[in-house]
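Following: one structure in structure tokens, then a few remarks.
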Amino acid sequence: MKLYDPSVIRLIKNKYGFRFSKSLGQNFLTDKDVIDQITEGAEITGDDLVIEIGPGIGVLTQAAAEKAGKVVSVEIDRDLIEIMKFTLDGLDNVKVINDNILKTDIAEIIRQEKGDLTGVKVLGNLPYYITTPIIMKLLEDKPGADSITVMMQKEVADRLIAGPGSKVYGAASVSVQYYSEVTRIADVSRTSFMPQPKVDSAVLRLDVREEPAVHPVSEKHFFGVVRAAFSQKRKTLLNSLGATGASKEVIREALGEAGIDEKRRAETLSLEDFARVSDALENRGF
């Protein structure tokens, strides 16, 4: 059964009386080429346990199950659980869990389901309204995933992959790149979904780093400084870093120690720059 076929989706929708939920951000993929790009971009093999987020009716699940050793899909919509019993019938390497991914203990799922499989890869077509919280949970909790390959709003993808000097480079860019190496897998037109969203999408693969990109003295302090620096993005660092509680005199000294011009703005700083600034401010009690 070609679950990506719009006619099949309509058939299933009518059979079960299913209605797409705007509040859950439900948009099902209908483009086989995009599905292939996602599973190939994720580099799934038979040695992998795949954790899938938001399987919907199982379009991506079906494709992943053909490549993976095992797929565990986490779906919040109870109505879709019954549908997937039908659409995924016969796939003995798939398990579906009815839960909210933001409340799911992914590390425990991996411990229970990995068995003799050697790799763990996260896959998903993320609800756009909670994309960043899901990604940060996966990165900060460190559940044991090797990579995270996910669909998201193109605008969000552009921010996460942006580097210093880009207009869309921000705190989210720094946070994601601190924990992972980011690769753009595909850009996806809004016409590839049912129902059609109002925005285009993109697929990114986040290869989780064994060690963070930089090593500030305090990770918590580092992210506090990053948030402060970007809280008033149009202001110079001398002014925006006032959000840390430090005086201009202290900030000027810290920036001097870090070798950063006080007139620069947050979007020009690399992760290494932020680490030096963070350590210099922490040395001064801020």
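The values are calculated or read from the model by the stated rules, or taken from the named source; none is laboratory data. Just so you know, these numbers come straight off a predicted model, no measurement behind them. When we count neighbours, we look across all protein chains shown, and the Cβ atoms used for this are built from the backbone with ideal geometry, even at glycine.
The table for this structure:
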{"quantity": "Region 221-237, residues that are within 20 Å of the chain's Cα centre (by Cα) and basic (Lys, Arg)", "calculated": "227"}
{"quantity": "Scan of region 128-157 for residues that are under 18 Å from residue 223 (Cα atoms) and among the acidic types (Asp, Glu), ordered by number", "calculated": "140, 141"}
{"quantity": "Those residues of region 10-43 which are among the polar types (S, T, N, Q) and loosely packed, with under 15 Cβ neighbours inside 10 Å, in sequence order", "calculated": "14, 21, 23"}
{"quantity": "Some residue of region 39-58 being assigned by TED's automatic domain parsing to the domain that holds residue 200, of a type in the set (S, T, N, Q) and within 26 Å of the chain's Cα centre (by Cα)", "calculated": "yes"}
{"quantity": "Residue in region 191-199 that is touching a Gly at 6+ places or on another chain (Cβ under 7 Å) and assigned by TED's automatic domain parsing to the domain that holds residue 28 present", "calculated": "no"}
{"quantity": "Any hit, region 172-182, residues being surrounded by fewer than 18 Cβ atoms within 10 Å (Cβ to Cβ) and out of contact with any helix residue (DSSP H, G or I) (no Cβ under 8 Å at 6 or more places or on another chain)", "calculated": "yes"}
{"quantity": "So residue 201, is it polar (S, T, N, Q), touching a strand residue (DSSP E or B) at 6+ places or on another chain (Cβ under 8 Å) and either at pLDDT 95 or above or farther than 30 Å from residue 38 by Cβ (or both)", "calculated": "yes"}
{"quantity": "Selected residue (criterion: surrounded by the most Cβ atoms within 10 Å (Cβ to Cβ)) from residues of region 215-269 that are within 13 Å of residue 286 (Cα to Cα) and of a type in the set (S, T, N, Q)", "calculated": "244"}
{"quantity": "Selected residue (only one of 208, 217 is within 23 Å of the chain's Cα centre (by Cα) and at pLDDT 95 or above)", "calculated": "208"}
{"quantity": "Test: residue in region 26-37 that is without any contact (Cβ under 8 Å) to a residue 24 or more places away in the chain and hydrophobic (A, V, I, L, M, F, W, C)", "calculated": "no"}
{"quantity": "Candidate set from region 5-24 (those that are hydroxyl-bearing (Ser, Thr, Tyr) and touching an Asp or Glu at 6+ places or on another chain (Cβ under 8 Å)); member that is nearest to residue 84 (Cα to Cα)", "calculated": "16"}
{"quantity": "Pick from region 116-134, criterion farther than 22 Å from residue 189 by Cβ and in contact (Cβ under 8 Å) with a residue 60 or more places away in the chain, ranking: surrounded by the most Cβ atoms within 10 Å (Cβ to Cβ)", "calculated": "122"}
{"quantity": "Region 120-142: number of residues that are closer than 18 Å to residue 75 by Cβ and either part of a loop (DSSP other than H, G, I, E, B) or of a type in the set (Asp, Glu) (or both)", "calculated": "2"}
{"quantity": "Total residues in region 265-286, condition under 29 Å from the mean Cα position of the chain (by Cα) and of a type outside the set (A, V, I, L, M)", "calculated": "10"}
{"quantity": "Test: residue in region 171-178 that is assigned to a helix (DSSP H, G or I), among the hydroxyl-bearing types (Ser, Thr, Tyr), under 20 Å from residue 24 (Cβ atoms) and in the same structural domain as residue 108 (by TED's automatic domain parsing)", "calculated": "no"}
